[in-house]
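The values are calculated or read from the model by the stated rules, or taken from the named source; none is laboratory data. Note that the coordinates shown come from a computational prediction; the quantities given were computed from them, not determined experimentally. Please note: Cβ atoms are built from the backbone with ideal geometry, for glycine as well, and neighbour counts cover all protein chains shown. Surface areas here come from the heavy atoms of the whole protein model, side chains and all, with no ligands, DNA or RNA. Shrake-Rupley method; radii C 1.70, N 1.55, O 1.52, S 1.80 Å.
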Amino acid sequence: MNITLDRNEEQLTGLLNVHLDEADYSDAVEKQIKETTKKAQFKGFRPGKVPAGLVRKMYGKGILADEINRLLGSSVDSYLRDNNVKILGEPIPVPSDVDFDTAKSFDFQFELGLLPDFALPAENQVELKRPAITLDDATLAETNEQIVRQFGETTNPEVSEADDYLFGKLKKAGAEGEGQTVLLPINKVKNGQERFIGVKAGDTLTFDLSDAFGGDAGAIRSFSGLSKEEASGATGDYEFEVEKINRTAAPEENQELFDKVFGPEAVSSKEEFDAKVRETVQGNYDRESDNLVNRKLIDAMIDNTTIRIPVEFFKKWLVRANEGKLDAATVEQHYSDYERELKWSLIRNKVVEDMGLKVETDEIRNRVLDKILGQFGGGMQLTDEMRQGMVGFADNYLKQENGKNYVQEYEAILAEKVVEALRGKVVVTDEPVTAEEFRNQNEG
């Protein structure tokens with residue numbers, strides 16, 4: 001066997017040439033013919049007594065093709081590994097006419113996309129801003145309203161008042177169809193609120209949606225279900241057909257409410273309850289802030305890392321690897337997105353290799369257990385027996401989908417470790433912002 005590689009450093013491609021002589025594959029072919037002879041069943045012959053010549057005549061060509069394909073796969077992999085040839089995706093076979101009937105030696109070629117080494121940005125070279133979110137009164141008031149709606153007693157009065165919600169259908173004035181089902185908060189209306197007070201089920205209100213909410217696209221989005229673009233462009237008159245009025249009485253602030261919101265005996269007084277609400281909301285915003293920084297970090301690493309890509313090979317490989325799902329036109333249209341995904345994958349793999357990052361099975365199992373416990377509110381007390389039972393449940397979950405669940409959890413943990421490792425190599429500066437400002441800046 002002879003394998004050579006012709007490299008085109010300018011285009012970052014390679015042509016792998018593989019030459020096979022009869023001696024390279026003959027022993028494996030003969031061994032497989034003998035194995036087939038033992039199992040073959042032909043009329044007139046007892047099992048295991050079929051002549052090898054007959055087996056060779058019937059199956060020899062297929063056995064030869066299978067053994068050569070197997071030999072090619074293992075030989076190409078070994079060559080690339082032993083010679084430290086880093087490639088994109090997989091080798092693409094060059095079409096050729098192969099005569100398995102008469103030929104004794106064979107020549108095959110494979111196209112390669114070559115990936116040169118690259119360096120990550122120097123430590124502290126990348127700078128990021130992290131929103132340091134402080135809670136404003138409006139955000140806390142909104143949270144308390146949500147608690148009231150969730151745990152208070154809701155009735156459906158005949159006539160609306162200022163703190164009620166109107167349930168019904170909203171659509172552009174004159175538009176076809178019944179519209180979007182919404183729950184409109186009257187107390188959030190900034191202009192002409194009096195028009196929404198004193199209405200009944202069956203009434204239809206016509207009003208300028210943007211003007212009613214003071215041009216606040218975020219407020220419109222929060223109840224209407226419109227996209228960011230739609231809410232920003234929601235000008236002119238809209239029609240709202242009222243189906244019913246929702247009025248929720250605030251629940252009594254007692255131990256029963258405290259236990260419903262935070263679990264049994266987590267807090268025991270109004271002061272502790274208010275502090276816990278603030279702590280919980282602050283924690284949620286802190287996580288959102290960190291998630292935003294992590295997304296910015298990925299973008300910054302891609303933008304600040306120079307990685308040469310074999311562009312034409314990559315496009316060709318994408319179509320081949322996603323046959324039936326992607327065509328050349330689609331790849332061309334979205335190429336920049338595919339290239340960014342590839343670059344992040346290469347950066348991630350480099351960080352894993354350079355820093356020796358690993359994910360242990362216990363980490364994966366504990367992640368699944370945390371998800372299970374999260375479904376019970378996180379406050380469930382576990383005995384050793386209960387935990388062991390849940391460990392078995394977690395293991396069964398990880399084995400499902402032919403191990404797909406295991407791989408997904410593994411990849412998620414590894415991705416978190418990569419980002420955490422990179423966070424230690426960039427400069428992150430806190431930037432004070434209120435919760436309301438944060439929401440407005442990051443409406444998606």
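Values as computed for the structure displayed
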{"read-out": "Qualifying lysines (Cα of each under 30 Å from Cα of Lys169; at least 8 residues distant if same chain)", "value": "Lys188, Lys190, Lys200, Lys228, Lys244"}
{"read-out": "Semi-axes of the equivalent ellipsoid for segment 270-320, Cα gyration tensor, largest first, Å", "value": "46, 13, 4"}
{"read-out": "Length released on extending from Glu332 to Asp430, taking residue separation times 0.36 nm less the Cα-Cα span", "value": "31.4 nm"}
{"read-out": "Rounded to 10°, Cα long-axis angle of helix 311-321 versus longest principal axis of the chain", "value": "90"}
{"read-out": "Accessible surface ranking that places the most exposed of Met1, Met301, Met58, Met390 first, with a 1.4 angstrom probe", "value": "Met58, Met1, Met390, Met301"}
{"read-out": "Per residue, in Å², the accessible surface of segment 192-296 once ligands and nucleic acids are set aside, probe 1.4 Å", "value": "55"}
{"read-out": "Relative frequency of Cα-Cα separations exceeding 16 Å in segment 295-357, percent", "value": "51"}
{"read-out": "Spread of Cα-to-Cα distances over 20 Å intervals beginning at zero, given as percent, for the chain", "value": "16, 34, 31, 15, 4"}
{"read-out": "DSSP bridge pairs, the chain: antiparallel proportion in percent, nearest 5", "value": "85"}
{"read-out": "Carbon/sulfur fraction of accessible area - the chain, other protein chains in place, 1.4 Å, %", "value": "46"}
{"read-out": "Candidate aspartates and glutamates for bridging to Lys358, where Cα separation is under 17 Å - those fewer than 8 sequence places away on the same chain excluded", "value": "Glu409, Glu411, Glu416, Glu420"}
{"read-out": "More than 19 angstrom apart: percent of Cα pairs within segment 135-230", "value": "45"}
{"read-out": "Solvent-accessible surface (1.4 angstrom probe) belonging to Thr13, in square angstrom, nearest 10", "value": "30"}
{"read-out": "Largest to smallest accessible area among Ser345, Ser336 [probe 1.4 Å]", "value": "Ser336, Ser345"}
{"read-out": "R0 of 41 Å, Cβ-Cβ distance Ala122-Lys404: FRET efficiency to nearest 0.05", "value": "0.60"}
{"read-out": "Accessible-area value, Leu71, 1.4 Å probe, nucleic acids and ligands omitted, Å²", "value": "30"}
{"read-out": "Ranked order, Tyr165, Tyr397 - accessible area, probe 1.4 Å, largest first", "value": "Tyr397, Tyr165"}
{"read-out": "Radius of gyration, Dmax [segment 1-151; alpha carbons; angstrom]", "value": "30.1, 92"}
{"read-out": "Kirkwood Rh, angstrom, segment 198-333 [1 / mean 1/r, Cα pairs]", "value": "21.6"}
{"read-out": "0 to 90° range, to nearest 10: angle between helix 384-399 axis and the chain longest Cα axis", "value": "60"}
{"read-out": "Arg278 accessible area, assembled protein chains, probe 1.4 Å, Å²", "value": "110"}
{"read-out": "Taking the C-alpha atoms of segment 189-258, convex hull volume expressed per residue in Å³", "value": "130"}
{"read-out": "Set of lysines near Lys129 by C-alpha distance (under 22 Å), chain-local residues within fewer than 8 positions excluded", "value": "Lys296, Lys417, Lys425"}
{"read-out": "Accessible area in square angstrom per residue, segment 399-444, 1.4 angstrom probe", "value": "63"}
